[in-house]
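Step one of this worksheet: look at the structure below.
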Amino acid sequence: MDLFQENQPKPFRANEPEQNDYHQPLATRMRPQSLDEFSGQEHLVGEGKMLRRMIESGVIGSLIFYGPPSSGKTTLAHVISKEIKASFEVINAVLDGIKELRVVVDKAEKLRKLNGRKTILFVDEIHRWNKAQQDALLPHLESGIITLVGATTENPFYSLVNPLLSRCQLFELHPLQVDNVRKMLFRALSDGKRGLGDKKIEVTPKAIDHLADYAGGDVRNALNALEVAVLSSKPDENGVINIDLDIAKESIQRRAVRYDRTGDEHYHYVSAFIKSVRGSDPDGALYWMNAMLEGGDDPNFIFRRMFILASEDIGMAEPNAITIVNSCHEAFMKCGMPEGMYFLSHACLYLSLCPKSNSTMAMFKANAEIKEKGVGNVPPYLKDKTANKLSARYQDIENASKDYKYPHDHPGHWVEQQYLPDPLKNKSFYESGVEGREGLLWKRLQAIKGEGKEE
């Protein structure tokens with residue numbers, strides 16, 4: 001027996017909890033320690049997939065993981081470090097900066113000189129670093145002192161600098177599915193070293209399904225709820241802790257909505273909402289609007305989107321749409337929530353049911369013409385009457401305003417007259433829709449024009 005065995009250094013364990021260390025949450029204790037324990041992201045770490053092959057070969061370059069919260073970015077970085085037996089350092093981009101990076105780099109240099117060991121630097125929420133902080137990583141990636149694994153919930157092409165992107169391989173993580181969460185719950189119940197397997201626990205299938213479903217793809221949420229259920233329940237006369245559906249419902253009372261108001265998911269939900277309204281699907285519009293609300297979006301933001309929809313996608317087909325949205329918004333501001341849900345629903349349903357027209361985009365056609373070719377001369381008879389009189393007085397020219405045809409003096413209050421500059425005489429920016437009020441208004445205009453020409 002080695003009397004000094006207790007003083008020998010322990011093998012590397014990156015944040016691995018001690019056996020039955022119940023001071024740590026169950027979710028922390030059950031963090032996967034190997035690829036075999038990792039659940040989900042089969043498109044990346046499934047048999048024969050690229051990232052798995054890289055890990056198994058031990059040849060890992062710098063990586064960027066991007067995906068929604070709780071998709072396993074941090075966990076996968078831990079697994080990689082353990083699989084290739086690398087030192088694992090963590091920096092949080094919200095709390096840490098270049099100073100902390102220098103400390104990690106110094107430590108990595110010493111470790112490499114000492115035993116050739118590789119250092120993986122995990123930078124969580126790397127999109128929070130500014131350009132200077134991201135640039136500070138570049139020389140260390142070039143030298144190979146550290147291997148970067150960055151995690152972000154935002155699109156890296158928008159949030160990370162190009163030099164950093166060019167030195168990293170990008171991997172998109174997808175939201176975890178209910179089956180992935182269910183698998184981790186069963187593992188926690190059976191694992192006697194890190195999980196709850198050393199206790200006598202019986203959990204009904206419906207309870208497991210409820211925890212897995214209501215976690216919203218968040219394994220941590222599900223495991224925390226399971227732990228609360230177990231620790232808050234007394235064993236029966238046989239020493240068994242029974243967890244049924246009612247207890248599961250008490251442990252996780254509100255369904256978690258997978259949503260980040262500043263990330264890609266936010267824009268996906270907004271896009272789905274807009275396209276549902278534009279497509280005249282009231283059910284889809286209500287669904288995605290509620291998804292945004294449950295995710296914590298400001299109702300005023302949703303009203304702003306509906307204001308835009310009222311002109312962009314409905315416009316002249318139902319000119320009153322913007323008035324309805326404005327009235328609903330004013331009512332919402334006066335009443336607040338939860339009654340304000342009625343006004344959100346009112347505006348959403350009305351816009352979905354309205355006839356659609358995008359003819360207001362004619363504005364951008366006219367704007368493009370001016371930006372490209374400049375503004376043409378105002379026809380003399382359209383110029384300001386007073387200005388024309390002054391010009392005529394001092395320049396001894398005829399007052400062109402007298403050639404202006406006053407529409408109200410003609411049948412239908414319309415008279416044929418050129419309003420665009422001469423080079424654009426026959427140019428048309430506006431194309432009328434045929435739906436709703438716009439179709440009727442356009443027919444009326446064409447009828448008046450026809451009568452005016454007959455005269």
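The values are calculated or read from the model by the stated rules, or taken from the named source; none is laboratory data. Everything numeric here is computed off the predicted structure, so don't read it as measured data. Note: ideal-geometry Cβ built from the backbone for every residue, glycine included; neighbour counts use all protein chains shown.
Before moving on, here are some points about what is shown:
- Ser190 being closer than 29 Å to Gly295 by Cα and over 35 Å from the mean Cα position of the chain (by Cα): no
- Filtered residue count, segment 330-340, keeping only those that are surrounded by 15 or more Cβ atoms within 10 Å (Cβ to Cβ) and touching a residue at least 24 places away in the same chain (Cβ under 8 Å): 2
- With a requirement of 2 or more residues that are within 24 Å of Lys443 (Cα to Cα), the helices (runs of 4 or more DSSP H) lying completely within segment 277-370 that satisfy it span 321-335, 340-353.
- Candidates Ser34, Ser62: the one that is surrounded by 18 or more Cβ atoms within 10 Å (Cβ to Cβ) and either assigned by TED's automatic domain parsing to the domain that holds Leu137 or modelled with pLDDT under 90 (or both) is Ser62.
- Here Ile60 does not fit the description of being under 30 Å from Lys183 (Cα atoms), more than 22 Å from the chain's Cα centre (by Cα) and part of a strand (DSSP E or B).
- The one condition in (1) surrounded by fewer than 18 Cβ atoms within 10 Å (Cβ to Cβ); (2) in contact (Cβ under 8 Å) with a residue 60 or more places away in the chain that Glu100 fails to fulfil: (2)
- The listed residue being at pLDDT 85 or above, buried (at least 20 other Cβ atoms within 10 Å of the Cβ) and either among the small types (Gly, Ala, Ser) or not in a loop (DSSP other than H, G, I, E, B) (or both), out of Val79, Val90: Val79
- The residues of segment 209-262 that are under 22 Å from Val178 (Cα atoms) and modelled with pLDDT under 80, listed by number, are Gly216, Gly217, Gln253, Arg254, Arg255, Ala256, Val257, Arg258, Tyr259, Asp260.
- Checked against the criterion of being in a helix (DSSP H, G or I), assigned by TED's automatic domain parsing to the domain that holds Tyr66 and of a type in the set (Gly, Ala, Ser), the candidates Ala207, Ala151, Ala132, Ala222 yield just one match: Ala132.
- Filter pass, Leu51 being of a type in the set (A, V, I, L, M, F, W, C), in contact (Cβ under 8 Å) with a residue 60 or more places away in the chain and farther than 29 Å from Gly217 by Cα: no
- Which numbered condition Arg194 misses (of (1) within 14 Å of Pro25 (Cβ to Cβ); (2) in contact with a Leu (Cβ under 7 Å, 6 or more places away or on another chain)): (2)
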